[in-house]
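Participant: Below are the structure tokens for one structure; questions will follow.
Here, each number is a calculation from the coordinates, and none is a lab measurement. Everything numeric here is computed off the predicted structure, so don't read it as measured data. Methodologically, a virtual Cβ is constructed for each residue, glycine included, from the backbone with ideal geometry; neighbour enumeration extends over all protein chains shown.
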Amino acid sequence: MRLTVVIALLAWLLKLFQPITSNQEPETKDQPATKNQEPTTSNQQPTTNLELLLLLFLLIALISTLTSIYKRESIETFANLLTYASVFFLITHNIELSNQQPRTNNQIHRLTTAILFTSLILGVYGLLQYFHILELTPRVTPLRVSSTYYNSNHYAGYLAMITPIPVALFLFSPLSWKTPLYAALSILLIINLALSYSWGSVAFGIAVIFLIIMRIRQSKRKALATAIAIAILASFALLGALVMLGPTPQLPQSTLEERYTNMAKIAHPSLFGRLFMYKNEIPLILDHPILGTGPGTFIYAFTQYRPLGLNLLWNYAHNDYLQIASEIGLILKLGHFLEGP
């Protein structure tokens, strides 16, 4: 992945620094407006506050890497951060936001198609893996779907980001031959999300219900929108019932009362256990408030702050803000400075 991104990044830089060609000059003298408007493409739009903050974050991460308690791991993590940032820059700098609206739409369409096609492959493989038809990659939880991801929760995080795209296209795009395809892909990814048995699926369900309500309010054909919304909600209810009534990795076949009791037993330590860990992560942050312990070093640094009796390997903070504050402490100080007294 890194090699692919580096090649794409170099190609883009060559494109930026190549000599100005005649195609960039006005074709005729009677088009002064085009001459003034043409340069306002994505090559002028990219310098935004968001990108400046991203560059600042990378700079802080680099400084923290140089002072890391475990430089090898920090260099590896910093390389990942650079890769992710490069993907972001490549996308935002190569979609032309100009008066050439059809070209812009085509670029966004190609990008969206690539994302949806990739999710289709992962979703189909996820189901084949779950039913033990095709298993090509290892996974830490054999009874939960994880597709090409090693961890089911990480796969659920991917699905939570990607699934809203086909759902939104199905709900908000004009009716066409693609509408059933968007619906089918949405169902496929939602089933994968449910079979990952991640708590993120609950949050996603709430978000989809919000989208449905918005679709009904904005639709001119409220009767049709309401019918579609009822069908989607009924599908969610049926899927939830199947998950509740059928055996799952953590909920074996039993009565509904026993299953709800088991769910509460699972939810309680998951929620309050993390809150307890957050409390014990604060001293780590306070002991390294300026530059943190280095990107990717939480798994090593937290061993000194782990509560007595906890024998689990706590390799992540399970909270992005606490993880960044502990590994790149300057962010915490900078945020406090910007907020003022």
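Participant: Output wanted: per-residue J couplings in Hz (rounded whole) for the range 122-128, from phi through Karplus 6.51 cos²θ - 1.76 cosθ + 1.60, θ = phi - 60°, x for Gly and Pro.
Facilitator: 5, x, 5, 5, x, 5, 4
Participant: Between Leu90 and Leu128, with labels modelled 7 Å along Cα→Cβ, what's the label distance in nm to one decimal, could you check?
Facilitator: 2.6 nm
Participant: Fewest Cβ neighbours within 10 Å first, please rank Trp199, Trp177 accordingly.
Facilitator: On the way: Trp199 14, Trp177 6.
Taking fewest neighbouring Cβ atoms as first place, the list is Trp177, Trp199.
Participant: Now, a different point. Round to the nearest 0.05 the FRET efficiency obtained for Lys279 and Leu59 when R0 = 41 Å and r is the Cβ-Cβ distance. Display every interim value, and only then the final one.
Facilitator: Details: r = 31 Å, r/R0 = 0.75.
Once rounded, the FRET efficiency stands at 0.85.
Participant: Related question: Stretch Asn311-Ile299 to full length: gain in nm at 0.36 nm per residue minus the Cα-Cα span? Can you show the working numbers first?
Facilitator: Details: separation 12, 0.36 × 12 = 4.32 nm, distance 1.34 nm.
Result for the pair: 3.0 nm of gain on full extension.
Participant: What's the FRET efficiency of Trp177 with Asn80 using the Cβ-Cβ distance as r and R₀ = 56 Å, to the nearest 0.05?
Facilitator: Numbers: r = 39 Å, r/R0 = 0.71.
So the FRET efficiency works out to roughly 0.90.
Participant: Given 0.36 nm per residue, what is the gain on full extension from Phe117 to Thr226 after removing their alpha carbon distance, in nm?
Facilitator: Details: separation 109, 0.36 × 109 = 39.24 nm, distance 2.88 nm.
Difference between extended and current length: 36.4 nm.
Participant: Sort 55-68, 147-160 for me by packing, meaning the mean count of neighbouring Cβ atoms within 10 Å per residue, highest on top.
Facilitator: On the way: 55-68: 17.4, 147-160: 19.2.
Put in order of decreasing packing, that is 147-160, 55-68.
Participant: Now for a different question. Stretch Glu51-Leu13 to full length: gain in nm at 0.36 nm per residue minus the Cα-Cα span? Let's see the in-between values first.
Facilitator: On the way: separation 38, 0.36 × 38 = 13.68 nm, distance 1.70 nm.
In short, 12.0 nm is gained.
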